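Report on one structure; see the data block that follows.
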Amino acid sequence: MSAALTIGDFAQGFVAKLVEFGETAIHPKAPEDRIALRRVIDALEHELRNIHRDGSPEEAEWYRILVVLRNELKPSNSGAFDSFETALRNLQLSFTSCPNPFYEEIAFSVTKRYASAVFNEYPDRERHLIERAARAFVEARRSVQV
């Protein structure tokens, strides 16, 4: 992965981890998935609060990356996760299947094995962040569906 965790990198890792967790699609306009996407933003904000800003260039850069990522992923003024949805749809042909932008479902089109291989290529810090975000998504979605 690149030195900076981009929204595209995050989306790819996020989908890979969701596939590992057994998820098959996201419905970004469904109420339970909107709640779950909000939990992803909450996980990023939690990470921001817990960074030990010791003045080191590495910590300052990680903080900056997380702020940019959080701001790109958070919902718009209408409450829609437009940027997040776009990042997921941009994975089409590699990780997702959504041939029509009006389809409500963004299906995951990779195997668990491939998803795991891709996910494990991320540096530790990024992998742990993405895993926490994906876990927050899955837990929130499942708690709403029950």
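Taken together, the values in this text are just the output of simple stated rules run on the coordinates, not laboratory data. Computed from a prediction, not measured in an experiment: that's the story for all the values here. Backbone-built Cβ (ideal geometry, glycine too); neighbour counts: all protein chains shown.
Any idea how far apart residue 112 and residue 61 come out in nm if each label point goes 7 Å out from Cα toward Cβ?
3.6
As a footprinting exposure proxy, order 42, 33 by other Cβ within 10 Å, with the fewest listed first.
42, 33
Hey, with R₀ at 25 Å, roughly what FRET efficiency would residue 90 and residue 132 work out to, going by the Cβ-Cβ distance, to 0.05?
0.65
No solvent, one uniform scatterer per C-alpha: report log10 I(q)/I(0) for segment 7-145 via the Debye equation at q = 0.10, 0.12, 0.15, 0.20 1/Å, two decimals.
Evaluating at q = 0.10, 0.12, 0.15, 0.20 Å⁻¹ gives log10 I(q)/I(0) of -0.31, -0.45, -0.71, -1.24.
Which one, 66, 84, 48, projects farthest toward the positive side of the charge dipole computed for segment 31-113 from Cβ point charges (K/R +1, D/E -1)?
Of the candidates, 84 comes out farthest on the positive side.
Would you kindly state how much longer the chain becomes between residue 48 and residue 72 on full extension, computed as 0.36 nm times their sequence separation minus their alpha carbon distance, in nm to one decimal?
Result for the pair: 7.2 nm of gain on full extension.
Let me spell out the model: positive unit charges on the Cβ of Lys and Arg, negative unit charges on the Cβ of Asp and Glu, origin at the Cα centre of segment 1-107. What dipole size does that give, in debye rounded to 20?
220
Which value, to two decimals, describes the C-alpha radius of gyration of segment 37-100 once divided by 2.2 N^0.38 Å?
Cα Rg divided by the expected 2.2 N^0.38 Å: 1.36.
Can you give the relative contact order of segment 1-145 as a percent, counting alpha carbon pairs under 8 Å and 6+ residues apart?
Across segment 1-145, relative contact order equals 44 percent.
Say the dipole of the chain comes from +1 at the beta carbon of Lys and Arg and -1 at that of Asp and Glu; which of 75, 57, 144 then lies farthest toward its positive end?
Farthest towards the positive pole: 144.
Arranged by the count of other C-beta atoms within 10 angstrom, fewest first, what order do 23, 126 take?
23, 126
Expressed as a rounded percentage, what relative contact order does segment 38-93 have, with Cα pairs under 8 Å and six or more residues apart?
Contact order relative to length: 28 percent.
Go through segment 4-104 and name the chymotrypsin sites (Phe, Trp or Tyr not before Pro) that are in a DSSP coil and have 10 or fewer other Cβ atoms within 10 Å of their Cβ.
Passing both the DSSP loop test and the Cβ count: 102.
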